[in-house]
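A.B. asks: Provided herewith is a single structure, encoded as structure tokens, for subsequent inquiry.
The values are calculated or read from the model by the stated rules, or taken from the named source; none is laboratory data. No experiment lies behind these values; they were computed from the predicted model shown. Note that each Cβ is placed from the backbone with ideal geometry, even for glycine, and that neighbours are counted across all protein chains shown.
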Amino acid sequence: MNEELLVYLVHAAFWCAFGLTRLVAQQTSGPVRPDDDQPVANESQTARYSRGLLVVHALAFAAMYSGIGTTVFAHRVPSLFAGQRVAGTLVIASGGWLACWALASFKSWRIRAKLDRGHQLATGGPFRLIRHPIYMGLNLLALGSALWIPTPLLWASVALMLVGGDLRARAEEKLLIRVFGATYSEFCRRTKRFLPGIY
């Protein structure tokens, strides 16, 4: 077996962990308890342009998976440095861990930036460190893939993933400020968007 096909195994592990964590989180979620101290949304709302912003992330995934496929099956994976597969695997695994931790801490996650009635503001788990750990997990998935298979198309997918995550994060933040007001603004002052203490 072509050992470069192992990149698919690492990606499969990422998505299986993501899906299983999401499933378990949904099964174990219950109604918001009235004594919780976190604010709750009083009505359903959706961020502006949330559907359109998904296109940037879709392009990032298309670039990443087409880049992996064309390079691996053509047996043209460039060698950037010794241990690039190990480095890529570790970065992807850290992205998977971060995303799963976020899903376990935030059971109301949606693909689109949408708040349902009763949606509770998430500030625990990885949200204590950064505001958008799931998007950061996807950024690490793309970065790890580009380290494993360092081609222009994979690095382009990293750029698209970063831009897509940032645009979606900003749209969500506007929605959260609109719904949760000063509580969310204060949370934003305490935490960075993607990198603790930096950005």
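A.B. asks: Residue by residue through region 100-119, note down the ones that are outside any helix (DSSP H, G or I) and surrounded by fewer than 19 Cβ atoms within 10 Å (Cβ to Cβ).
C.D. replies: Across region 100-119, the qualifying residues are Lys107, Ser108, Trp109, Arg110, Ile111, Arg112, Lys114, Asp116, Arg117, Gly118.
A.B. asks: Contact list please: Cβ distance under 6 Å, first residue in region 55-80 and touching a residue at least 60 places away in the same chain (Cβ under 8 Å) and closer than 25 Å to Tyr135 by Cα, second residue crowded, with 19+ Cβ neighbours inside 10 Å and of a type outside the set (A, V, I, L, M, F, W, C), pairs at least six apart or on different chains.
C.D. replies: Close Cβ pairs satisfying both conditions: Val56/Gly164; His57/Gly164; Ala60/Ser157; Ala60/Gly164; Ala63/Ser157; Met64/Ser145; Met64/Ser157.
A.B. asks: I've got another one for you. Regarding region 47-57, can at least one residue be identified that is at pLDDT below 80 and surrounded by 16 or more Cβ atoms within 10 Å (Cβ to Cβ)?
C.D. replies: Yes, region 47-57 has at least one match.
A.B. asks: Pick from Ala146, Ala142: which is in contact with a Phe, Trp or Tyr (Cβ under 7 Å, 6 or more places away or on another chain), crowded, with 23+ Cβ neighbours inside 10 Å and closer than 24 Å to Leu80 by Cβ?
C.D. replies: None of the others qualify; the one that does is Ala146.
A.B. asks: Right, something else. Which one of these is in contact with a Phe, Trp or Tyr (Cβ under 7 Å, 6 or more places away or on another chain) and either on the phi > 0 side of the Ramachandran plot or basic (Lys, Arg) (or both): Arg112, Arg85, Arg117, Arg76?
C.D. replies: On the way: Arg112 fails: in contact with a Phe, Trp or Tyr (Cβ under 7 Å, 6 or more places away or on another chain); Arg117 fails: in contact with a Phe, Trp or Tyr (Cβ under 7 Å, 6 or more places away or on another chain); Arg76 fails: in contact with a Phe, Trp or Tyr (Cβ under 7 Å, 6 or more places away or on another chain).
Checking each option against the conditions leaves just Arg85.
A.B. asks: Among the listed residues Leu154, Leu141, which satisfies the condition of being modelled with pLDDT of 95 or more and within 16 Å of the chain's Cα centre (by Cα)?
C.D. replies: Leu141
A.B. asks: Give all pairs with beta carbons closer than 7 Å in which a residue from region 147-159 that is under 15 Å from Thr89 (Cβ atoms) meets a residue that is assigned to a loop (DSSP other than H, G, I, E, B); count only pairs at least 6 apart in sequence or on separate chains.
C.D. replies: Pairs found: Ile149/Val77; Pro150/Pro78; Pro150/Leu80.
A.B. asks: If you don't mind, there's one more thing I want to ask. Would you point out which residue out of Phe180, Phe127, Phe106, Phe187 is among the aromatic types (Phe, Trp, Tyr), within 25 Å of Gln26 (Cβ to Cβ), in contact (Cβ under 8 Å) with a residue 12 or more places away in the chain and out of contact with any Pro (no Cβ under 9 Å at 6 or more places or on another chain)?
C.D. replies: So the residue among Phe180, Phe127, Phe106, Phe187 that is among the aromatic types (Phe, Trp, Tyr), within 25 Å of Gln26 (Cβ to Cβ), in contact (Cβ under 8 Å) with a residue 12 or more places away in the chain and out of contact with any Pro (no Cβ under 9 Å at 6 or more places or on another chain) is Phe187.
A.B. asks: Looking at Thr71, is it assigned to a helix (DSSP H, G or I), touching an Asp or Glu at 6+ places or on another chain (Cβ under 9 Å), modelled with pLDDT of 85 or more and of a type in the set (S, T, N, Q)?
C.D. replies: yes
A.B. asks: Considering Gly164, Gly181, which residue is surrounded by 20 or more Cβ atoms within 10 Å (Cβ to Cβ) and more than 18 Å from Val10 (Cα to Cα)?
C.D. replies: Details: Gly181 fails: surrounded by 20 or more Cβ atoms within 10 Å (Cβ to Cβ).
That would be Gly164, the only listed residue that is surrounded by 20 or more Cβ atoms within 10 Å (Cβ to Cβ) and more than 18 Å from Val10 (Cα to Cα).
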